[in-house]
């Protein structure tokens, strides 16, 4: 038989027992689509973490409240321990050797969180992240204003309602129009419960590029106290709270000493006694990197194991049906051998059948998996954060990333399962004398 | 021609050895028409399966056209089954999902014949099924199914057709139709035919009757064949020129003698 005839024979055989064929394919479809969705989630989360680290800039240190979460002023108050603008100023004032700049930052939640930030201009809405900060932010984060001006010391002192827009927010709200001097309403919170104030745009930040998943272009930058001091729920009697103090260092090798010095200052300021735990954490970029790598690895292992389990479950389904179908077809093998089929003719027939089913099912699985990631895309952050909640990290603004490697691996796995469990029993049956095979009912 | 010497077959049933055949010596010349009869359990089916290369003897030698079958490997045996022999079963052994043409064409697919559907149609005409070409086994009567099976045995133009109780599942009238086909294949086309039956009146079609009992040949006698003229389609088709399977296959003629 020539190849096209072999395939035709296989197709006829598969069509003639359509239920069996569909059941086999169902196992494969479930397995493959699970692999695709889960590995896409894993890859997406990894990419998110990697991008975030890439976006951090070099020689950076961060001081954060001990809860370890990047939070709003609201949450910091609710949780008790807090960092204040005055803490940041004290670190700056201490003139620790090796520190090149200090910028306090209060971050409101980003897009996709109920307590998110919305920027509104003439009925145009966009979800964004509000960063309340100081003039030094530009230098410390190496992120500069492109048009107009940045926040000044004067803005801080006056708690001025001025804002510098990220490139993406400017694009969303103004398009090609010049936004400087226009009024933008910035609100935090869900729907009717949102609290917002009207800010005057004074500048637009340079574009950082779209590689970052915590999109640095999708921000509105305001003077640190401006929003906080006006919003009743964010007001703290002890001063202006910050979610993070960014510290630029001249030399990475000095980080250990700098950490000690800052710890000293903050413990004193927070009246911590001997034996009390720090109510803040100091991380350098390399700390973040290693934590993130750790998280990455855990996440990958987690997702790949789930994917493998689903593939194995799918494989068992295939195996089951293949085994049943072959013993059912031992008689057919006997008949074919009786009229002159060689062992390799039988093997070829079953091999092609198995390949056709598994590859067709595999491709359907890829399609279903890809479709699922499209449907789930909207809630990516929610799903991934649900998965990794126990790891005490979070991902935002991520995408499902389908990797060809895993698509191919899935297809190969299903084809292999089909071949092993479809062809091995056929090979055993083909070894029998025809009369033996014919006797099996 | 077929030559069996000292063929025996022993099955293991539990811890006991069952001797199905005990030293069978038998020769079958080309062009013969032979029946093997005997009660059930006499070993006649086992013998037929061994002659048909579907089963292997425990002991003894089997020569087919001078070739020692016992020395052949699995693949060579498949070639012998495909080209030298045609086998007809009591239970037809058709594939449920194929129509008549595809059933009959199947053996040809294992030897790379390209125009095999055409050849299969000729074979189906030979057994009088030209109006049932695209029926599946479930859409055919028992007699029609057996005729499809005979066409399948016939299509490769074997020198020898073997049959194990070919009429065992058929009613009397159909049985005689089938035997008439065999008789004409033997007489008009010179095909060597050997089959197993336990019915005397079916064996009566042949020119030689071998009796088996408990795995041994108890008699081997010539027979004056009975003639019936009730299969009009057969004589009609067989008398038509150019309706020769071998012509369509285009292979070299197999040695054949009366």
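Scanning the range B:82-106 for residues that are in a helix (DSSP H, G or I), within 10 Å of chain A (Cβ to nearest Cβ) and more than 15 Å from the chain's Cα centre (by Cα) turns up B:102, B:103, B:106. Could you tell me how many of the residues in the range A:182-204 are in contact with a strand residue (DSSP E or B) (Cβ under 9 Å, 6 or more places away or on another chain) and either closer than 18 Å to residue A:158 by Cα or not in a loop (DSSP other than H, G, I, E, B) (or both)? Selection size over the range A:182-204: 16.
Can you find a residue in the range A:325-348 that is away from every other protein chain (no Cβ under 14 Å), closer than 30 Å to residue B:95 by Cα, modelled with pLDDT under 80 and in a helix (DSSP H, G or I)? Scanning the range A:325-348, I find at least one residue that is away from every other protein chain (no Cβ under 14 Å), closer than 30 Å to residue B:95 by Cα, modelled with pLDDT under 80 and in a helix (DSSP H, G or I), so the answer is yes. The set of residues from the range A:1-45 being out of contact with any helix residue (DSSP H, G or I) (no Cβ under 9 Å at 6 or more places or on another chain) and at pLDDT below 80 comprises A:2, A:4, A:16. Please verify whether residue A:296 is at pLDDT 80 or above and either outside any strand (DSSP E or B) or farther than 19 Å from residue A:60 by Cα (or both), treating the condition exactly as stated. No: the conditions fail for residue A:296.
Yes/no matrix, rows are residues, columns are (1) in contact (Cβ under 8 Å) with a residue 24 or more places away in the chain; (2) within 10 Å of chain A (Cβ to nearest Cβ); (3) closer than 30 Å to residue B:22 by Cα:
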{"site": "B:54", "(1), (2), (3)": "yes, yes, yes"}
{"site": "B:61", "(1), (2), (3)": "yes, no, yes"}
{"site": "B:80", "(1), (2), (3)": "yes, yes, yes"}
{"site": "B:108", "(1), (2), (3)": "yes, yes, no"}
{"site": "B:124", "(1), (2), (3)": "yes, no, no"}
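Checking A:191, A:116, A:203, A:132 one by one, the residue that is within 31 Å of the chain's Cα centre (by Cα) and without any contact (Cβ under 8 Å) to a residue 40 or more places away in the chain is A:191 and no other. The set of residues in the range A:400-441 that are part of a helix (DSSP H, G or I) and within 14 Å of chain B (Cβ to nearest Cβ) comprises A:427, A:428, A:429, A:430, A:431, A:434, A:435, A:436, A:437, A:438, A:439. Within the range A:144-165, the presence of a residue that is under 14 Å from residue A:108 (Cβ atoms), in the same structural domain as residue A:99 (by TED's automatic domain parsing) and surrounded by fewer than 18 Cβ atoms within 10 Å (Cβ to Cβ) is excluded.
Which residue, of A:355, A:303, A:359, is in a helix (DSSP H, G or I), within 26 Å of the chain's Cα centre (by Cα), modelled with pLDDT of 75 or more and closer than 30 Å to residue A:40 by Cα? First the steps, then the outcome.
Values: A:355 fails: within 26 Å of the chain's Cα centre (by Cα); A:359 fails: within 26 Å of the chain's Cα centre (by Cα).
Result of the check over A:355, A:303, A:359: A:303.
Of the numbered criteria (1) farther than 23 Å from residue B:55 by Cα; (2) touching a residue at least 40 places away in the same chain (Cβ under 8 Å); (3) away from chain A (no Cβ under 13 Å); (4) not in a helix (DSSP H, G or I), the one residue B:113 fails is (3).
Evaluated against (1) more than 14 Å from chain B (Cβ to nearest Cβ); (2) surrounded by 14 or more Cβ atoms within 10 Å (Cβ to Cβ); (3) at pLDDT 75 or above; (4) farther than 21 Å from residue A:141 by Cβ, residue A:244 falls short on exactly one condition, (4). Taken over the range B:39-52, residues that are crowded, with 24+ Cβ neighbours inside 10 Å, part of a loop (DSSP other than H, G, I, E, B) and more than 12 Å from every other protein chain (Cβ to nearest Cβ) amount to 1.
Residue B:69: touching a strand residue (DSSP E or B) at 6+ places or on another chain (Cβ under 6 Å), more than 8 Å from chain A (Cβ to nearest Cβ) and free of Cβ contacts under 8 Å to residues at least 24 places away in the same chain, yes or no? Steps first, answer last, please.
Values: touching a strand residue (DSSP E or B) at 6+ places or on another chain (Cβ under 6 Å): yes; more than 8 Å from chain A (Cβ to nearest Cβ): yes; free of Cβ contacts under 8 Å to residues at least 24 places away in the same chain: yes.
Answer is yes for this residue.
The values are calculated or read from the model by the stated rules, or taken from the named source; none is laboratory data. All figures in this text were calculated on a predicted structure; none of them were measured in a lab. Note that we place each Cβ from the backbone using ideal geometry, even for glycine, and neighbour counts take in every protein chain shown.
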